[in-house]
Each structure stands twice: as C-alpha cells, then as structure tokens.
Amino acid sequence: MLGYILKRAISLTVSLCLASIIIFSVVEIAPGDPASFMLGINAQEDTIAALRAELGLDQDKLSRYFSWVSGMIKGDFGTSYTYRSPVSDMIKERIWVSLPLALYALLISTFIAFPAGIYAATQRGKAGDAAVMGATQFGIAIPNFWFAMILVVIFALKLRWFSAGGFVEWENGILLSLKSLTLPAIALALPQASILSRVMRSALIETLSEDYIRTARAKGFGKKAVIWRHALRNALIPVLTIIGLQFSFLMAGAIIIEQVFFLPGLGRLVFQAITQRDLIVVESVVMLLVFAVITVNFIVDVAYAVVDPRLRRRV
Amino acid sequence: MSILSVENLSLKIGSESILNNISFKLGHGRILAITGESGSGKSMTALSITQLQPKYAKLEGKIFFKDQDITEKDEFELCKIRGAKIGMIFQEPMTALNPVKTVGDQIRETIVLHSEKNKKSADTETLDILERVGLSPATEVIKRYPHELSGGQRQRVVIGIAIALKPSIVIADEPTTALDVTTQAQILALLKRLVKEDNISLILITHDLAVVSDMADEIAIMQNGIIVEIDETQNLFRNMKHPYTRSLFAASGHSVDLPLAKRSTDLLLTIQNVTCRYRLARTKIFSKNDYFTAVSNVSFDIKNGERVGLVGESGCGKSTLTRAILGLEPIYEGVINVEDQDISKATLNTRKNIQVVFQDPYGSFNPRHKVSTLIKEPFYLIKDSLEVKNIESKIDNVLEDVGLSSADKNKYIHEFSGGQRQRIAIARALIIKPKLVIFDEAVSALDVTVRAQILDLIAQLAVEYGLSYLFISHDLAVIRSITDRCLVMKDGKIIEEGLTKKVLEQPQNSYTKTLIEAAPKLPSFQMEL
Amino acid sequence: MKNNSLILGGLLSALVVIAALVSFLWVPFDITQLSIPDKLQTPNEVHWLGTDHFGRDILSMIMIGARTSLAVAILAVGIGFFIGVPLGLAAATKKNSLLDETIMRTNDLIFAFPSLVIAILITALFGAGAMNAIIAIGIFNIPVFARVSRGAALSLWQKEFILAARVSGKSDLRISAEHIFPNIANLLIVQGTIQFSLGILAEAGLSYVGLGTQPPVPSWGRMLADSQTMVSFAPHLAIIPGSAIIVTVLGLNLMGDGLRDLLDPRVRRSRE
C-alpha cells in the first residue's frame, strides 16, 4: 500500500513539474508583450524597457521559470502586472469562492447520481430506467451556462428566491454565502450528475453480471441485498474515476458559470487577467487549477486502493 | 424417499427450447451426475433448481424439494432455501468470489445471513470450515483476499461456502473444469469426503465422463435439453442403452489410429538450452527488477516426420516455450533453430516452415474477414511467385482436405461451429505446406465427440502432408493417442522425455507418476458394448 | 430489433445537418441587414422564430450558427482522431515500451489540465476566433482517442488471430492496419459521436465568453451571450439558441448510444 502511494506521489510530482513547464512555455510563446500592453500603444521605448526590468521580464527565460516555480513553492506567486499587488493575496480571496463552489456542485452531483444510477440499474429495462436514462440524456445535452441563465430567470427574476448574481462574503454568514452559491452549483452539477448517473448505472449493471454476484445469490442474498453487500463496492471503481475527472471539469466549468452569476472566483480572475495580459496571474491560477486536479486524481488513486485490495500490493 | 424431485421441467429462452421435459429424482446422501456436451442444458438445469435461471427464461414443470414445490415459492422463501438448504458451486473459481472482500467475510456472511449468530461465533465457525476444506492455517487464510489464493484454493473457499450450513443438497456445476488435473483430483476427493461426512446429496454437473464414473452413484446423460438416459452408474456403463451414451463413451475413450510415420534422422527443430524470462511487477518501489523464469534451460529436438507431445499443467511454461518457437517471444538464453536457421533472426523464408493451430476456435480468426482471406494469410510468408500462383485452387484443396467444402471459403467465420473453426485453423496452418505444425492445446476447447474427429483428422493429415508436429496439451489421453514421443514439463523444465507409450506406462519421474494417477479414467468394462 | 435511440438521434442530427447545409444556399432573411424597427419580435408568421435586438431573423441565424457549430466540432474531432488514433495504435504495438509510456503519460498530463481553462488560455493568448477554438478543443480530443484506441487494441493484440498474423510474418504496422484498426473502428465511431457532441458544447461555451466564433458570424453561444441582458423580457432569445444546442447534442448522443448498441456484438447478442 505504501509503495503504491509512494509511486503515485512521485508521478504526481513529475506531472506537476511537466505541467509547470508547459504552462510557462505556452504563456511565453504567446504573442504580446505584457509591458507594452500595460502602458498602451503610445508608450515610449524606454518606459517600456523600465517596466520590463521592474517586472523582471528582461531576465532570461530559464531563470524566470525557476524563480516562478521556487516562489510558488514558498507560497509567493509574484506580483500582478496590472494591480501591482501580490498574486497570492488575489488568489486567496478568490479561492474561497471557487473551491466551495466546485465542492458544492460535486456534492449535489453525487447525491443525485448515486440514487438515480442505482435505481436505474435495479429497474433495468423497465419504465423507471427509461425515465432516468431519458432525463440524463437531456442533462448531458444542456449547456450549463444556458441552464444557469434559465435558473436565474426562474428563481431569481420571477420567483425572487435567490439573487440573480454576486456573492455574499463568508463573514456575513455561512448560510447566506451558500445560498448565493446554490444556483451556480446546481447549474454546474446538472450535466455532471447526468454523466455520473449513467456511469453508476452501467458500472452496476456490469458488476451485477459477474460470477460472484451469482455466488452471492446462491448463498441466499436477495436481489437488493446483493447490490448493497457485493455489487456497489465493485461498481465504485469506475465511478471514482469519473468523480476525479469531474472535479477538473467543475473547476473549469466554474469559469463560465462565474461569468453568468458575477461571482468573484478564480475563473473570473483568470479571465480578466487574460484579457489584460496579466500573464503572471494567468500562469499562477492555471498552475493552481492543474495542481488541484492532479491532487484530486492522486486522492482518487489512493481511494482505488482502499476500495480494491488487488491494487494494494502493486506499486 | 427422494430429497429432490424434478418433474417435467422445460425451459425456453425466446423461441429456443433449452430444456425439454426433463425429470429425475435425487435420493438422500446420493451423488447424481448430469453429463453432456456443451449446449445440452446441464448448467441451466442446475440454475433452475435454485430458481436462478436468467430472468427472460420461461420455466415450466415442477421441482419438489422435500415436499415443497420450489417453482411456486416467492423470492423471500427462495432466499431462505438458497445457501442454507441448497448450496451451489460454480465452474470458474477465478471469478466466483468477490474480489474486494476477504474469503473469511464471504464464508461468514452465509452463516450470519441464515442464522441469528453474531459475528464472533460465526467467526469460529468460519475457521472450522476453512480447516475442513483444507485451507490452513485458517486463522491466516480467513484474512486473505481471493486474488491472494490459487485457483484450487479459491475453489475450496467456494466449496466451503456451499457446505457452510450443512445443506441437504449441493449442486456443483463443472467444479473442476477450470483446474489442473492434480488439483482436480484433490478437489473431487474433498467434495466426495465432505458430502459423505455431512450426508449431503450432491448433483455433479460435468462434461467429463471419466470424472463422473469415479464419483457418481447415478448418472444422467443429457443431449439437446433432454435426458436421454439415467441409471445407476454401474448399470449405465454396462448397458449403455441409448446410442448417444455409447457415442459419448466411445469418443471419451477414443484412441486415434496413428499410422507409423516415416522416420528420418534429419533435425527439423533444435532447441538448445533455451531460457525465457519475464520481468515481474515490482512489489517495492526501489527494489531491483525481479524476473520470473518461465522456461529454464530447455533442450530437445524434433526430427523430420516426428510427432512429439508436450505435457504440463498450467504455469509450467509450455505456452511461453510455444511462443518462443514461433518467434513471438524473446529468448533470454539459448538458441532455437529451424532447419539450421536461428528463429530469432529468421527470414520469412525460414518461418514458412512453421505454422500453428491455437486453442480457442473463437479467438483465432479476424471476424471481419472471409474464410478465403483468413486461410491464405500465411502466403504472406512466401515471396516465390511460382508458389503464390493458383492460390484459389490451393484454398479449395486445403478446405476439402480438412473436411470442409470449397464453397465454405466465401463464408464468414461466425457461420461455423467450434469444430469447423478448428478445421479452418488447421487449413490455415497447412495451406503453405509447412514442415512443422505446432498444435497449442488445439483440441482442449472442443467437446469430446468433436475432439475425437479433429484428432483423427490431424493424424490423417500429418501423413498426407508429411508433417512433423509438436502437440501441446494438458490432457494425457490426447497426448497418448496422437504422439510418438513426449516431453513432460514442470516449472519451466523438461523433467521427463521418451516414447509416449513408455513415459505414460512406466513413468520414471515422481511428478509424471502423480500426473498419470490424477487423471480421471473411464471404467474398463467398456468392452461389453 | 428496434433501435429507437438510433432513429431518434439520427433524425435530430440530420435535422441540424440539413439546416446547416441549406443555409449555404438559402436562408429566410439576410442577416447582414439590420432592421431595428423589427427588433425583438416573438415568433410569428413572418419570422418563425422571432427576431433579435437588431431585428435579425433568428431562424436564419440559427441555421448559419449550425454551420459554425458543426464545422468547429467536426474539425476538432478530426484533429483528435487523426492524431490520437495512430498514437494509440502505436502505443499498443509496443506495450510498456518507452514509446507507450511517453504517449500515455503525455495523455495523462493533458487530462490533468482543466480543458476549458486551457481552451480559454489558448484562444485568449493567440487570439479569439474559430480556428484557435478548433485547435484548443482538438488538443483535448487527442488523448481521448489515443486512450480508447490503445485500450481496445491492447486486448486485440492478445487474440490468437493476431498471433496467427504474426506467425505469418506480418509487421506490426501491417497488422495494425489490416487487423486492429478495422476491428476497433466501431468503437471509434461511437467515441467520435460523443466527442462531436462535447465539441458542440465546448464551442458554444467559448463563443459565449467571447473567445470562439467572432461577430458578425452568428454562433449559438454568441447569441446566448447577447441575450443575457434581455432574457427577462425577451426569453425566446435565450430559449431558441439553447434549444438548438440541446437538440444537436441530444441527437448526437442518442445516435452514439444507438450505434453502440448496433455495433457492439455483446449488446447485440444479449438482445437476440
């Protein structure tokens, strides 16, 4: 088990290193010099040069890369070109919107998907299954930002149960903050819940056709008991994979949803930074998102080993 | 009084009739064997008794367990019978156990499910059961997961589950088919002992008449969903009233009329000190690579016209050796020569001397190609334009040689039965007239009657085509009937070698002796037919 | 055997494709002509789907938008297919080799990037527009196709008919082309329809945030973005393009499901 985790941890580190190189390179080769962009088209050559020196843009690429990475390890994400304030402060402020939003959505998605998928699998071929499958087909086809707009129209503009956008800071009460994240989280969760229900259903159906299920039935377990005691844990393995992948999707999907609801999250930050050529912010936020995704996948890998004893002895 | 009585049982899936009006009785403490070839409906009979047949199957008839009709019971009552009163054992020990639960859990839950026992007392019982099925130390095994046990050990666990609550009946569906002969003998002995000790009635379902003859008090022979004959074992073998019983028996003990081969002293295949090894998955992250030596320092040769057998149980290295001879496996040490050419550096021209027939009649062909495309694939090895001419007539000839018609070349592979596919596989191997053919468990997946036909065909074609072959099999009876000389392999080494007759009748090595003793044998009063 | 998913999905997809093709020859109204007096009409006899805030005919815009969406998604899937499948097949021929490891680890790495973030990054840094959107979406299709084709090919390489082909002296490349690819083509078609529908959604998302197709070329995502401020008093502006996206994606997904049932011998056998 320890060897398995260690190997995953090593591959996590390697992935992070490679990811940082890729992100840095993409931003490097992108056209447009941040300094001249910041100063506008009428700026003098020497003012631009001075700003470039101040931002550290005149150093060679390699040393800039290493100072960026070593800064990040220490928690120093550099200084924003546009706002001249530490990027880490900006991120800290925003992450308390984005992360809860993604987790909230993941929670909703899982809470819908598990019962729906299990129900559909037990009703396989019957009306209940067809209804769940039909609903999930729609759920997958609906673009989440459009669904978000419809939610706003219905629940904010017409029914006035929620506000149409904006975020209530956590200091003003956790429940109020959660309330302001509820519509965005539902909008994000719907397509994910649909996908996850389908995965849950097919994984369960697949598992139910295994020989050991027949063994369990021959022991005298009823159809329901077999699902709880034998099938579910085995079906969890593909489901976990999808939950891991969905986290990445939710972090990214949040960018667009944050636009719809005017939420001050990481998505909006990176989006603004891109349009303002605030590359240091872009690099850091993207790196942070990648870090989050890779870490979640690491956790999923460890969860595999908890679920499946066959993996524990591997490295 | 009988404990189980099946009356006029019929089962249909869609419009297809799987079981047709079968009736039989099972007496207290008796062993009833149900035998037949694949598709005879024997497994479906087993599932129907506990009402575990597929949902879409339509069942008619009555099944009396003691005096209650099982077919009229609801799911709740059935669950109380299954596991407690009727235990079941299935064929595939590798998949019959839940991979994410310990074997202890899986035995214990049967006990807890059907009794009011708490976990602790169920635990002591579980330990007892593990000891009874010969898994010791039980305190150690109880914590193991299925993947940590061998196939035979897993089957012991499955047996443990089935007998845990001392049921009245145990139904064992091909319990040893997936196991090696030595393991099979142990498992059968265990099963026999346990049912006698607990006075359990056993229904043993198997395709293997030899297994049955040794175990059963009574035998039912099934064919196409019908019980064609059912009788006490002794009587059945003595009388064999039904022609199908006779043909099944004849095929099981079939001995091929192997013509004398033209012997020559020219070496066709020479294998010198060959070792093949695999890198094992590392168990510790910074440990050195571990290797598993699948074939260890093996040497032998095959002369022109020789028919050689290679026997061994699973994991003995025979598949790796086969693949090495075919040039599909890297050789770590040693040399394999075909006609004095090193196979690892072989050109197409050398390779055309060797062809192969594999075990699985279903996986051996690309399902998207027609038979003609499939069997002419080996022509890729021949660059000589003279030989490549007349391919069409060669396809016709070879198809007729293997007992098919030349019209079959325009069909797709799914239109053929398992036996016919194996004929096509032989046609593919023979079409370029190789000198050596390797038969890799080529008849193991076939039913006995088809197997007998294919073995006859191979013997006949070997003479017609002037072939040498290496016949790899786990089945001593097959090796006995179709080879002149044989090799016995164990743990990657050749442990015995000699004329087939001599090796099988006067084995020198103790392992060969065990192997021969473990193989189930048909009773010898067959001559009274 | 009836395959309702395939029929319904095929019909919906055909509807969208036909709308896109017809738009090359004819649309009800010229959408380059603004007509403010006709603005914000709800669906009526003249403008079947109403008009937008510039008085443009929404049906015409939806038809041309279909063209954009389909083109972007097809090209993005094409990138994934033509790069991903050969990589996957190559990785499968040499399992656990350096080549295999490199391809698969690179795949994992691409998977680790939140795809939409990177698409936004690429389009933002290299310029918003349909071409960059295609590349950005296409890059994330590569690992999907590589993974699917490798997985399927690996199990085929164990099959005895592949061993027989190897015994016949055929090279790995030849076996991949003759035996492996035709046998995984079904799977790739199914995956292709799924990726296609994801591409439609991604294009809509990028256009919605202003990084996909640029005005004046109409696109569904763009139309939704424009409708946002007016959605409370002119909901049809949001409902119609949204429905267009849903119909397309639904159609493609249903078709993918139907194809899988049709082509997967396992499913087919169990239904017979």
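The values are calculated or read from the model by the stated rules, or taken from the named source; none is laboratory data. Please read these numbers as outputs of a predicted model, since none were measured by experiment. Cβ coordinates were reconstructed from backbone atoms using ideal geometry, including for glycine residues, and neighbour counts include every protein chain displayed. These area figures cover heavy atoms from the full protein model, side chains too; ligands, DNA and RNA do not enter into them. Shrake-Rupley method; radii C 1.70, N 1.55, O 1.52, S 1.80 Å.
Quick look at the numbers
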read-out	value
Residues of the range C:63-78 classified as surrounded by 21 or more Cβ atoms within 10 Å (Cβ to Cβ) and either free of Cβ contacts under 8 Å to residues at least 12 places away in the same chain or over 30 Å from residue C:29 (Cβ atoms) (or both), total	1
Unmet requirement for residue B:295, which otherwise passes all of (1) in contact with a Cys (Cβ under 6 Å, 6 or more places away or on another chain); (2) within 14 Å of another protein chain (Cβ to nearest Cβ)	(2)
Test: residue A:179 is within 14 Å of chain B (Cβ to nearest Cβ) and surrounded by fewer than 21 Cβ atoms within 10 Å (Cβ to Cβ)	no
The range C:105-117 - residue that is open to solvent by less than 20 Å² (accessible area, probe 1.4 Å) and in a helix (DSSP H, G or I) and, of those, farthest from residue A:270 (Cα to Cα)	C:107
Count of the range C:37-62 residues which are β-branched (Val, Ile, Thr), surrounded by 21 or more Cβ atoms within 10 Å (Cβ to Cβ) and either touching a Pro at 6+ places or on another chain (Cβ under 7 Å) or more than 16 Å from residue C:242 (Cβ to Cβ) (or both)	2
Among residues of the range A:134-151, those that are open to solvent by less than 30 Å² (accessible area, probe 1.4 Å), more than 9 Å from every other protein chain (Cβ to nearest Cβ) and closer than 18 Å to residue A:110 by Cα, counted	2
Residue that is farthest from residue B:83 (Cα to Cα), among those in the range A:198-220 that are open to solvent by 50 Å² or more (accessible area, probe 1.4 Å) and at the interface with another protein chain (Cβ under 7 Å from one of its Cβ atoms)	A:210
Some residue of the range A:266-277 being at pLDDT 80 or above, more than 12 Å from chain C (Cβ to nearest Cβ) and crowded, with 24+ Cβ neighbours inside 10 Å	no
Some residue of the range B:134-151 being under 15 Å from residue A:216 (Cα atoms) and in contact (Cβ under 8 Å) with a residue 12 or more places away in the chain	yes
Residue, least open to solvent (accessible area, probe 1.4 Å), within the range B:156-197, restricted to residues that are on the phi < 0 side of the Ramachandran plot and of a type in the set (D, E, K, R)	B:173
Criterion (within 30 Å of residue C:94 (Cα to Cα), among the small types (Gly, Ala, Ser) and open to solvent by 10 Å² or more (accessible area, probe 1.4 Å)) met by exactly one of C:185, C:153, C:165	C:185
Positions within the range B:198-241 being in a helix (DSSP H, G or I) and farther than 20 Å from residue B:4 by Cβ, in sequence order	B:209, B:210, B:211, B:213, B:214, B:234, B:235, B:237, B:238, B:239
Residues of the range A:152-175 satisfying the condition of being over 17 Å from residue A:267 (Cβ atoms), more than 11 Å from chain C (Cβ to nearest Cβ) and surrounded by 14 or more Cβ atoms within 10 Å (Cβ to Cβ)	A:155, A:162, A:163, A:168
Residue that is surrounded by the most Cβ atoms within 10 Å (Cβ to Cβ), among those in the range C:234-250 that are touching a residue at least 40 places away in the same chain (Cβ under 8 Å) and more than 7 Å from chain A (Cβ to nearest Cβ)	C:241
Residue in the range B:313-342 that is most open to solvent (accessible area, probe 1.4 Å), counting only those that are on the phi > 0 side of the Ramachandran plot and either in contact with a helix residue (DSSP H, G or I) (Cβ under 6 Å, 6 or more places away or on another chain) or outside any strand (DSSP E or B) (or both)	B:340
Strands (runs of 3 or more DSSP E) completely within the range B:1-118 that count 1 or more residues being loosely packed, with under 15 Cβ neighbours inside 10 Å	B:2-13, B:16-27, B:57-65
Hits in the range B:124-155 (condition: over 26 Å from residue A:305 (Cα atoms) and open to solvent by 40 Å² or more (accessible area, probe 1.4 Å))	B:124, B:125, B:127, B:128, B:131, B:132, B:134, B:136, B:137
Selection status of residue B:52, touching a helix residue (DSSP H, G or I) at 6+ places or on another chain (Cβ under 9 Å), more than 13 Å from every other protein chain (Cβ to nearest Cβ) and farther than 30 Å from residue B:252 by Cα	no
Residue that is modelled with the highest pLDDT, among those in the range B:267-292 that are more than 14 Å from chain A (Cβ to nearest Cβ), over 28 Å from the mean Cα position of the chain (by Cα) and open to solvent by 90 Å² or more (accessible area, probe 1.4 Å)	B:272
Tally, over the range B:293-312, of residues that are in a strand (DSSP E or B) and either farther than 12 Å from residue B:438 by Cα or out of contact with any Phe, Trp or Tyr (no Cβ under 9 Å at 6 or more places or on another chain) (or both)	11
Which listed residue is open to solvent by less than 20 Å² (accessible area, probe 1.4 Å) and away from chain A (no Cβ under 14 Å), from C:129, C:199, C:205, C:192	C:192
Tally, over the range B:431-444, of residues that are in a loop (DSSP other than H, G, I, E, B) and hydrophobic (A, V, I, L, M, F, W, C)	4
Criterion (surrounded by fewer than 20 Cβ atoms within 10 Å (Cβ to Cβ), at pLDDT 90 or above and of a type outside the set (Val, Ile, Thr)) met by exactly one of C:89, C:34, C:8, C:25	C:8
One residue from B:360, B:440, B:401 being open to solvent by 10 Å² or more (accessible area, probe 1.4 Å), under 16 Å from residue C:164 (Cα atoms), touching a residue at least 12 places away in the same chain (Cβ under 8 Å) and touching a Phe, Trp or Tyr at 6+ places or on another chain (Cβ under 9 Å)	B:440
Residue within the range B:84-101 that is without any contact (Cβ under 8 Å) to a residue 40 or more places away in the chain, in contact with a strand residue (DSSP E or B) (Cβ under 9 Å, 6 or more places away or on another chain) and on the phi < 0 side of the Ramachandran plot present	no
Pairs where the first residue, in the range B:495-515, is not assigned by TED's automatic domain parsing to the domain that holds residue B:182 and the second is in a loop (DSSP other than H, G, I, E, B), C-beta under 7 Å, 6+ apart	B:495/B:509; B:496/B:507; B:496/B:508; B:496/B:509; B:499/B:484; B:500/B:483; B:500/B:484; B:513/B:507
